[in-house]
Amino acid sequence: MKNERRADQRVGVNLSTKWRGASGLHEGRIEDLSVKGCFVNTHGVVDTGEIVSLLIKLPSEQWLPLRGKVVSAQQLVGFSLTFSILNDKERIALDQLVKARA
């Protein structure tokens, strides 16, 4: 992307995820990850501005629970999520995951 607006380090990943939004429980793949957000490849439907609960399956087979706000969505493709609701423990775990994938 030539017009990259993000200041945070983003890494390409392929991690399983389960997420819950207004339309229910869905599965997908995290394809792009940073400490501030991610892209979720999924067929589940979301609305821009919606708050989503996300579980990311770590390489250790444990699940990392996160919450965020949908910033953009493409029907039947996926959505971009910003991690606007993280506690310190979640932020540290996410930072470690991003650094390990860089």
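Taking residue 86, is it of a type outside the set (S, T, N, Q), free of Cβ contacts under 8 Å to residues at least 60 places away in the same chain, out of contact with any Asp or Glu (no Cβ under 9 Å at 6 or more places or on another chain) and assigned to a strand (DSSP E or B)? Walk me through how you get there before you give the answer.
Numbers: of a type outside the set (S, T, N, Q): yes; free of Cβ contacts under 8 Å to residues at least 60 places away in the same chain: yes; out of contact with any Asp or Glu (no Cβ under 9 Å at 6 or more places or on another chain): yes; assigned to a strand (DSSP E or B): no.
For residue 86, the condition - of a type outside the set (S, T, N, Q), free of Cβ contacts under 8 Å to residues at least 60 places away in the same chain, out of contact with any Asp or Glu (no Cβ under 9 Å at 6 or more places or on another chain) and assigned to a strand (DSSP E or B) - is not met.
Give 66, 94 a once-over and let me know the one that is modelled with pLDDT of 90 or more and either in contact with a Ser or Thr (Cβ under 7 Å, 6 or more places away or on another chain) or in a strand (DSSP E or B) (or both).
Details: 94 fails: either in contact with a Ser or Thr (Cβ under 7 Å, 6 or more places away or on another chain) or in a strand (DSSP E or B) (or both).
Matching residue, one of 66, 94: 66.
Just the residues that are touching a Phe, Trp or Tyr at 6+ places or on another chain (Cβ under 7 Å), part of a strand (DSSP E or B) and closer than 12 Å to residue 82 by Cβ, please, taken from region 17-39.
37
How about region 22-32: which of its residues are touching a strand residue (DSSP E or B) at 6+ places or on another chain (Cβ under 6 Å) and at pLDDT below 95?
Looking only at region 22-32, we keep the residues that are touching a strand residue (DSSP E or B) at 6+ places or on another chain (Cβ under 6 Å), and these are 26-32.
The answer is 31, 32.
Kindly list the number of the only condition in (1) assigned to a strand (DSSP E or B); (2) exposed (fewer than 14 other Cβ atoms within 10 Å of the Cβ) that fails for residue 48.
Evaluating residue 48 over (1) assigned to a strand (DSSP E or B); (2) exposed (fewer than 14 other Cβ atoms within 10 Å of the Cβ) leaves (1) as the failure.
The values are calculated or read from the model by the stated rules, or taken from the named source; none is laboratory data. No experiment lies behind these values; they were computed from the predicted model shown. Note that each Cβ is placed from the backbone with ideal geometry, even for glycine, and that neighbours are counted across all protein chains shown.
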